[in-house]
1. Only one of these conditions is not met by residue 148: (1) more than 26 Å from residue 277 (Cβ to Cβ); (2) more than 42 Å from the chain's Cα centre (by Cα); (3) in contact (Cβ under 8 Å) with a residue 12 or more places away in the chain. Which number is it?
2. Is one or more of the residues making up the stretch 110-118 crowded, with 21+ Cβ neighbours inside 10 Å and part of a strand (DSSP E or B)?
3. Give just the number: which of (1) part of a strand (DSSP E or B); (2) out of contact with any helix residue (DSSP H, G or I) (no Cβ under 8 Å at 6 or more places or on another chain); (3) assigned by TED's automatic domain parsing to the domain that holds residue 40; (4) under 26 Å from residue 52 (Cβ atoms) does residue 168 not satisfy?
4. Could we say that residue 43 is surrounded by fewer than 19 Cβ atoms within 10 Å (Cβ to Cβ), modelled with pLDDT of 80 or more, in contact with a strand residue (DSSP E or B) (Cβ under 9 Å, 6 or more places away or on another chain) and over 24 Å from residue 269 (Cβ atoms) here?
5. Could you check how many residues of the stretch 173-188 are closer than 26 Å to residue 209 by Cβ and outside any strand (DSSP E or B)?
6. Got at least one residue in the stretch 227-235 being touching a residue at least 24 places away in the same chain (Cβ under 8 Å), in a strand (DSSP E or B) and buried (at least 21 other Cβ atoms within 10 Å of the Cβ)?
7. Out of 94, 10, 23, I need the residue that is surrounded by 15 or more Cβ atoms within 10 Å (Cβ to Cβ), within 25 Å of residue 139 (Cβ to Cβ) and either modelled with pLDDT of 90 or more or touching a strand residue (DSSP E or B) at 6+ places or on another chain (Cβ under 7 Å) (or both). Which one?
8. Of 145, 198, 155, which residue is crowded, with 22+ Cβ neighbours inside 10 Å and more than 21 Å from residue 608 (Cβ to Cβ)?
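The values are calculated or read from the model by the stated rules, or taken from the named source; none is laboratory data. It should be emphasised that the depicted structure is a prediction, and the values quoted were computed from it without experimental measurement. Note: ideal-geometry Cβ built from the backbone for every residue, glycine included; neighbour counts use all protein chains shown.
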């Protein structure tokens, strides 16, 4: 996934806003607060929300939710209808009670089932109303003093070790079906930021989980950010940035906070007030986007190509094994032939001793004919078998072309990763910028580490693809020679067939020679000379077949190593990169696109005219 990390850094703006505005909120809160005090609170909420509202929206909606320590809640919605054309009449949609103008001279002309018409008098319209409708997001603060839960209203004047747990809830979700056909739940992407101000005279030893604290001397300002539902929406519990792991590797996970924990020691505690701002998390600004559909197809093509290479290598190993077996047989036959020819030569040299010895040698030579025929037939059968296994010249070329396609696919992947390269310099620059945000109190250190981890994980993916690109070149070079190998095996098979026929003819001649020796003892001088030449030829044949056996043995070992190397390359490189992309990158990008589409469907809390862009910000006040 290429989601922009800048969005996480931008979330710190909300926290800064809370820090700047919470100081103006008093600690007092009462259900019987006077109307002018309530309007002042609403004005403060509008001031806080103004920093978060869209500047292009035709309507801004601030939902002010007061959550009292006794469990009661009041919701006030403040609407600002912009009237840039100076129209006399402005229409709106809002399901609110007790609607009244809070600024300007506009008057309510009509309110029919939430369809409102305002007499705007050419100006913008500012009005507010109340509702009992529940917000799609919520924030809860629970307090524990010295290990025992306590209400916020009972904290005043108390002392001890205080723990404040701030948790966010998101109740707006829907089920979607991903490109993999599996259904999962996504939540409307809200970002929540909370701030509290603690008096240093009353509080010390402040620590924060998933947040930051800033001490200005008199006060400690505590801030935190949460993304309720985002972790589940993105399916981050299933994400493993390492892909397939070796035994000594550990998984690298991404963590997104959904709660904040504050601990401190209090003395004569004051009443505490927390402000939380919530809005839609803008996912539109994506810095980089990967064409996951093409990348997925590339990975499928590459893995299919590797499987074909492995299958072809297995066939090659089986054929070479048969050749090696035939070579051993013919070598044994040739050695026996050499021994027989030598015996014949010696017999011819001792012709004076009589034809009996000569006939014995000839009989021994004749007895070796079966071995020689079997050896010739074995190598003929072996080469014929592998020749049948070998593809035609056209198919061999197609296999070489398939290997070239695999290389082209790897080159394409390499080019894709290079186009979105994340260098050490980029990571260092991002780290420096994020560090400044941390030092300014606008970003927490834990979130900064998460951001950097995501960037580094992409750098690891880039290196993995680069290694794949480098390693496959030699294999592709070897596969380009495959058509030549296929042609050579065919020629060798034909040669073996010719050899088989020649040896059959030769052994038939030996049979005739033996018969002739028994019948004729004249001309033994010629026979002696011929038998000596035969002995030398048989010796060379024996030596040659020995060399052939050694060569086929080495070829067999090489084919085994090639098969083993291809399988290891497939397991270590191709499968690992493919799994990391298929299991993480593609599904996560799919979920982000679903979240973006879902976020676009959220228009307003109280309602809005379908033709008007509305910007909605929630402000929670926990007292």
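1. Failed condition: (3).
2. Let us first name the residues in the stretch 110-118 that are crowded, with 21+ Cβ neighbours inside 10 Å, namely 116, 118.
Right, trim to part of a strand (DSSP E or B) and you get 116, 118.
Yes.
3. If we test residue 168 against (1) part of a strand (DSSP E or B); (2) out of contact with any helix residue (DSSP H, G or I) (no Cβ under 8 Å at 6 or more places or on another chain); (3) assigned by TED's automatic domain parsing to the domain that holds residue 40; (4) under 26 Å from residue 52 (Cβ atoms), just (3) comes out false.
4. Numbers: surrounded by fewer than 19 Cβ atoms within 10 Å (Cβ to Cβ): yes; modelled with pLDDT of 80 or more: yes; in contact with a strand residue (DSSP E or B) (Cβ under 9 Å, 6 or more places away or on another chain): yes; over 24 Å from residue 269 (Cβ atoms): yes.
Answer is yes for this residue.
5. Going through the stretch 173-188 one residue at a time, the tally reaches 1.
6. Here is the first cut: in the stretch 227-235, the residues touching a residue at least 24 places away in the same chain (Cβ under 8 Å) are 227-235.
Okay, now just the ones that are also in a strand (DSSP E or B), so none.
Scanning the stretch 227-235 turns up no residue that is touching a residue at least 24 places away in the same chain (Cβ under 8 Å), in a strand (DSSP E or B) and buried (at least 21 other Cβ atoms within 10 Å of the Cβ).
7. Details: 10 fails: either modelled with pLDDT of 90 or more or touching a strand residue (DSSP E or B) at 6+ places or on another chain (Cβ under 7 Å) (or both); 23 fails: surrounded by 15 or more Cβ atoms within 10 Å (Cβ to Cβ).
Result of the check over 94, 10, 23: 94.
8. Working: 145 fails: crowded, with 22+ Cβ neighbours inside 10 Å; 155 fails: crowded, with 22+ Cβ neighbours inside 10 Å.
It is 198.
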